[in-house]
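Working notes for the structure below.
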Amino acid sequence: MQGLEKILLIDDDQQHRHDLSVILQFVGIDHVAMATCELNNAIWGQNWAGCLFGTIESTSLRNDVLNTLKKHHHIPVVSLLSDVEKLAELPNYVGNVIRPVNYFQLIDALRHCQEFVGEYPVNIPQLGRKNTLFRSMVGSSARISEVRHLMEQVAPTDANVLILGESGTGKEVVARNIHYHSHREGPFVPVNCGAIPPDLLESELFGHEKGAFTGAVTTRKGRFELANGGTLFLDEIGDMPMPMQVKLLRVLQERCFERVGGSEIIEVDVRIVAATHQDLGAMIVEKLFREDLYYRLNVFPITMPSLCDRKQDIPLLLQELLTRMEAEGANRIHLTPRAIASLMEHSWSGNVRELANLVERLLILYPGQIVDVNHLPIQYRYINLPHFEPEPIGLSVEQQERQALAEMFKSVQEDDHTNLLTDLPAEGVNLKEMLADVEVDMIKQALEAQSSIVARAADMLGMRRTTLVEKMRKYGLNKEDIR
């Protein structure tokens, strides 16, 4: 049972509490045993790997503890009582152990706790940050740490910055961080060069005078003027047409320009941060981008890594996205460790933007719920595991056999092609041997029908996979022996 954190034992019966504590101590399970009068909010705030729920004499206290366990539904609960009706209603109930507790029952119970905890969302540690806006630059990988270092180095300067990287990697986030940590008092003004028609881009950047063209009914300032004293972010600079590149180069060289239709020279103090997902070097070779402009912009390059190159940052990114959307009014969801592991296997062609869209979709579909692998859209499922179901771990072997036989005969009776013995012969029968023969025969038939796949054979027999495995071990059946 290595890997479990502390187990919380709650029992108001001092003798019961002492006896079970001795057993837990003997098998090396770290635990805390206490009566209900010792419970407080600080106790529930700890990271428990399981709760053993024992005798509570007071009905009101019992209900209080049940409500608390329902609230803290990340703690798996194992009952030590014969009456588990109320406990079975808890979403975190995993089974019961019958007194007197023995070693095998206890180990089985703790195994169920481990299985439950393995599905439940983990608390992702927050990344320590030195300032407020760097909260958007989430990650602890070497690649993103290098980006943060470069941002810190260039932010206090006036150097032009060229941000390279795939779409959705967070290039505008970097640009905003650079401006925020600079000494510039002017605004941050973004403009997407690929979203503005070429014939309107000049007016958008430099402004126009009244009457400069049809529809210019008033004088309008351009983005350069609006960004005076601050930062102008030219996103998708690779989509800028060639004629506009020439005009932009002149502004970068002279630090002045004229509005469209005007003759007045306007001087500006603007820092340029440009970004593109395209290969500007290849575009220069193809005569699609000016080489002199490239070197004007590429004073300080920063390359944003794709999400597939820093998959270890995905848990922190998920935490950040969930926190941000929760602040906007969404009901927080809880991702299980294996759901996060499955997301870390995805290629993320859309990078962080794709991840953010997925989180928003999950918040809409499963508000306030636990999201496991099977809740993810099919393209994000890289782990195929069955959903956890609590088992009656406190049943004796005989009780489990009776239950399995009842389920098996029920399924057999529903098969029109099977005839069972209905009349007892006068000489009598050895019922135990007969039932064993029938059971072995049914198991063999199920395994043969399902190509020796135990899980499918168990479904066919109406029993759990673990029960079928135990019966195969009992009768000495191997999958290889089935023909």
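Coordinate-derived values only; no laboratory data. Just so we're clear, the structure is a prediction, and the values are computed from it rather than from any experiment. Neighbour counts are summed over all protein chains in view; Cβ atoms, including those assigned to glycine, are modelled from backbone coordinates with ideal geometry.
Miscellaneous remarks
- Calculated log₁₀ intensity ratio I(q)/I(0) where the Debye formula runs over C-alpha points of region 186-312, q = 0.21 Å⁻¹: -1.30
- Distance (nanometres) between label positions extended 7 Å along Cα→Cβ at LYS221 and HIS73: 5.3 nm
- Formal net charge of residues neighbouring VAL154 (Cβ-Cβ distance under 12 Å; K, R +1; D, E -1): 0
- Under 17 Å from the HIS181 label point (7 Å along Cα→beta-carbon), backbone N, region 283-315: 300-305
- Extension gain, TYR366 back to SER145 (0.36 nm per residue minus Cα-Cα distance, nm): 76.3 nm
- Net length gained if the chain between MET242 and ASP292 were fully extended (0.36 nm per residue, minus Cα distance): 16.8 nm
- Within straight-line cross-link reach of LYS432, lysines at Cα separation under 19 Å, skipping those fewer than 8 residues along the same chain: LYS410, LYS444, LYS471, LYS474
- Summing charges over all other residues whose Cβ lies under 15 Å from the Cβ of GLU236, with Lys and Arg as +1 and Asp and Glu as -1, gives -3.
- Note on region 136-157 and region 271-321: Cα centroid distance 14 Å, given to the nearest whole angstrom.
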